[in-house]
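Below is one structure, written out as structure tokens; comments come after it.
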């Protein structure tokens, strides 16, 4: 891969929220189905730390089975939203490789993987979990909002073996799209893959499939704890 963004397809278009001072850490944040990086870039600006760069890539438009094959931004195809729905294995793996390419690009430009955190909402959160658990580097942490672990049956054997990756999982208790029970099942599964002490699972009463200021405050604390100022 060259040093320019063109070799990293998702990076050329990504929304980047730059730090106010020398950037010594980065957070790659992945939006949900049908969304773009812009909305999350705005939300994350509200919790920004001056030495952290936020990178919010856009998913490419693909036909999504769940929505009658209509084209929409998606990290991979979705056939259904229950834990036993068939999954787009090749699409998930390809998407994870694209995110890993961003991690490599940042590492080449001076931010080491242990200073890079990955996160996302819904489908983006799902991809961030899968990417972090299969990445050849140990990342600084994962922020997994209102999501699940894709290809969960392939773990723990598919895991990179890093046991000390901190994971913050947040979920709304009134989420009708991805029920909070799926989040709880995901947290239990994650405890078989990484050290259970590294997993924080927080739920928010009355919160639907979205985020709220209390949740974002928790995300900021997590980022500050695991990406402290150097």
- Query: For segment 165-184, does any single residue satisfy the condition of being under 19 Å from residue 85 (Cα atoms), crowded, with 20+ Cβ neighbours inside 10 Å and within 16 Å of the chain's Cα centre (by Cα)?
  - Reply: yes
Within segment 122-151, residues surrounded by fewer than 19 Cβ atoms within 10 Å (Cβ to Cβ) and part of a helix (DSSP H, G or I) come out as 134
Among 168, 133, 151, 190, the single one that is touching a residue at least 12 places away in the same chain (Cβ under 8 Å) and within 19 Å of residue 40 (Cβ to Cβ) is 168
- Item | Filter result for residue 55 (closer than 16 Å to residue 127 by Cβ and buried (at least 17 other Cβ atoms within 10 Å of the Cβ)) | yes
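Being closer than 30 Å to residue 157 by Cβ, modelled with pLDDT of 95 or more and touching a helix residue (DSSP H, G or I) at 6+ places or on another chain (Cβ under 9 Å) is true for just one of 198, 216. Which residue is that?
198
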Residues in segment 200-220 that are within 15 Å of residue 122 (Cβ to Cβ) and crowded, with 17+ Cβ neighbours inside 10 Å total 6
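The values are calculated or read from the model by the stated rules, or taken from the named source; none is laboratory data. These figures come from a predicted structure and were not determined experimentally. As a convention, Cβ positions derive from the backbone with ideal geometry for all residues, glycine included, and neighbour counts pool all protein chains shown.
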